[in-house]
1. Over the stretch 3-207, calculate the relative contact order: mean separation of alpha carbon pairs under 8 Å at least 6 apart, over the residue count, as a percent.
2. Ranking ASP372, ASP161 by Cβ neighbours within 10 Å, fewest first, what do you get?
3. So which aspartates and glutamates can LYS13 reach, going by Cα to Cα under 17 Å and dropping same-chain residues fewer than 8 places off?
4. Tell me, ARG263, ARG80 in order of fewest to most beta-carbon neighbours within 10 Å?
5. Could you list ARG179, ARG329, ARG115 so that the one with the fewest beta carbons within 10 Å of its beta carbon is first and the one with the most is last?
6. Whole-Å semi-axes of the stretch 229-310's equivalent ellipsoid, largest first, each the root of 5 times a Cα gyration tensor eigenvalue?
7. Output the direction-averaged projected area (hull surface divided by four) of the convex hull of the alpha-carbon atoms of the stretch 46-159, in nm².
8. Shape verdict for the stretch 2-41, please, from the Cα gyration tensor: rounded (a/c under 1.5), prolate (a/b greater than b/c) or oblate.
Amino acid sequence: MKFEELKISDKLKEGVESFNYSELTEIQEKAIPVILQSKDLLACSQTGSGKTAAFLIPIIEHILNIKTKGIKALIITPTREICKQIEEQIVGLGYYTGTSYFAVYGGNDHDGFSRQKAALTQGADIVVATPGRLISHLALGYVNISNLEFLVLDEADEMLDMGFYEDILNIIGKLPKKRQTLMFSATMPNAIRKLAKEILTEPYILDLNFSKPAEEIDQQVYMVYEKDKPQMLANVLKEHKDDKILVFTSTKVSVGKISTYLRTVGIKNSSINSSYTQTERNDTILDFKSGKIRILIATNLLSRGIDIDDVNLIINYEIPDKAEDYVHRIGRTARAGKLGLAVSFIGEKEILNFNRIEKLLEKEIAKLPNPDNIPQGPTYRQINTGKKRYFKNKKSTLIKKPRK
Ligand code: AMP
């Protein structure tokens, strides 16, 4: 379906045109009409599927027809980075409609808080916020929320994983009951279903079967001992001299180590993790987006929702503990239908993690032979995850159950 066919105002269409999208993505085609009909929505959708525009387009369209003052739409997201990302799309889509917006997230200075307070008191049309910072403002009583019509929970599963369940309920308790609520989540665990039951009214459920990575991602996997990973990484990076590359590790410590190692072997790179200041994080992401930085080493901080165009190669230097994180990480490539490559190194202690990933993907991924200068790694096998046979004795200490 083409955007011209959408029943939205010309001003909004002009905003959409500025992005040069040709066709609606699947989530947009399915969700936009539902949202325009004022229905609640629970959408299970993959990152990179175009879901931000899927909720922003109908929300901006609706706001064009509302005359009330105050905040009309509240979008809650797990991280500041995603907040900023959504803000950027509002700027583009709403450019000709005059829709006002404000992003509210922590990690900035006192002035930042005061500006947020002013915006929340006056009431921008759309407010995009992280839960913690929003709660601080709501608790102070000045947030102009009585005319709110839309609530969006973006990356809802991630927010629950980060422990925001109570915060979200707390926020929702302060909002008008009569409103349209849209919930987007990459996965659909029980906790999400439970939250959906509590906060949605007869929702339209859109399950685009998305715990799976996009078809366009070529997944390559190597078995590599931990000690050989730095050299293996250097090998792969040297093979992809022109690509925009995101390297994922599991900890801040390994981000630093890898980044330093690569520099010692002459490979320029930048790194990002949660201990960097907000300004450093923003600058690094901007430089990566613009192409100033070609190789970026990151923790899971960047695995979700961050929309960076043209990443051609994702490297999982370490295999994530949670299978879903693998899907999110490799979802940074092959955005909106482009081709992408994901290369993963399975170390001797990561075989079980990869077993879980293959289970989630419902397929095995071929393990490729290592290049000549890297020793062959551990043997891949299925590890029995059968629960350990423990029971509690009278003193309540855990002891191993004797086999019969
Ligand atoms: P999202 O899933 O919202 O993070 O979007 C992922 C990327 O897809 C962003 O770069 C969007 O600008 C882009 N995008 C959104 N809608 C479309 C579309 N209809 N056609 C092509 N790209 C799109």
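1. It rounds to 29 percent for the stretch 3-207.
2. ASP372, ASP161
3. GLU4, GLU5, GLU23, GLU29, GLU61, GLU88
4. Fewest-to-most Cβ neighbours within 10 Å comes out as ARG263, ARG80.
5. Ordered from fewest to most neighbouring Cβ atoms within 10 Å, ARG179, ARG329, ARG115 come out as ARG115, ARG179, ARG329.
6. 19, 15, 11
7. Average projection, Cα convex hull of the stretch 46-159: 6.9 nm².
8. It is oblate, given that a/c is not under 1.5 and a/b is not larger than b/c.
No value in this document is a laboratory result; all are computed from the given coordinates. Bear in mind the structure is a predicted one, so any value in this text is a computation, not a measurement. For neighbour counting, all protein chains shown are included, and Cβ atoms are generated from backbone atoms with ideal geometry for every residue, glycine included.
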